[in-house]
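A short write-up of the structure that comes next.
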Amino acid sequence: MATLTIRNLSDRAHHALRLRAAGNRRSMEAEARLLIEGLDAPETTPAHLDAIRALQTHAITAAGGPEKAKGVVDSFLAERAGEWDEG
């Protein structure tokens with residue numbers, strides 16, 4: 001296994017990594033490892049992305065247009081994101 005040392009990391013980036021790791025109940029090292037290892041993952045479109053886009057279009061239409069729907073769809077997706085990420 002390879003070892004990586006990161007020098008001159010900004011305080012802001014360090015703090016963001018620490019918060020992200022804590023939020024995911026992981027060490028900073030484990031969080032950084034997952035982020036870096038994800039770089040070689042093939043970029044694919046989640047199967048549910050088309051369904052989300054269709055739902056977004058429907059919600060905007062039902063709300064009476066983009067200005068009236070602003071924030072509603074984003075809030076819904078943010079609430080559901082954890083459910084979809086969990087499987």
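Taken together, the values in this text are just the output of simple stated rules run on the coordinates, not laboratory data. Here the structure is a predicted model, which is why all the values come from computation and not from measurement.
With angles folded into 0 to 90 degrees, how steeply does helix 11-23 sit against the dominant principal axis of the chain? Use alpha carbons for both and round to 10.
70
With log10 I(q)/I(0) by the Debye sum over Cα atoms at q = 0.11, 0.16, 0.21, 0.25 Å⁻¹ defined as stated, name the option among (1) -0.70, -0.94, -1.04, -1.17; (2) -0.72, -0.87, -1.04, -1.16; (3) -0.52, -0.87, -1.06, -1.22 computed from the structure displayed.
Calculated log10 I(q)/I(0) by the Debye sum over Cα atoms at q = 0.11, 0.16, 0.21, 0.25 Å⁻¹: the matching label is (3).
Give the angle, between 0 and 90 degrees and rounded to the nearest 10, that separates the Cα long axis of helix 72-85 from the longest principal axis of the Cα atoms of the chain.
50
Subtracting the Cα-Cα distance from 0.36 nm times the residue separation, let me have the gained length for ALA2 to ASP74 in nm, one decimal.
21.9 nm
Determine the gain in length on full extension of the stretch ARG18-HIS48; use 0.36 nm per residue of separation and subtract their C-alpha separation, reporting nm with one decimal.
Gain on extension, ARG18 to HIS48, equals 7.8 nm.
Helix 28-37 versus the longest principal axis of the chain: what angle, 0 to 90°, nearest 10, using Cα atoms?
That works out to roughly 70 degrees.
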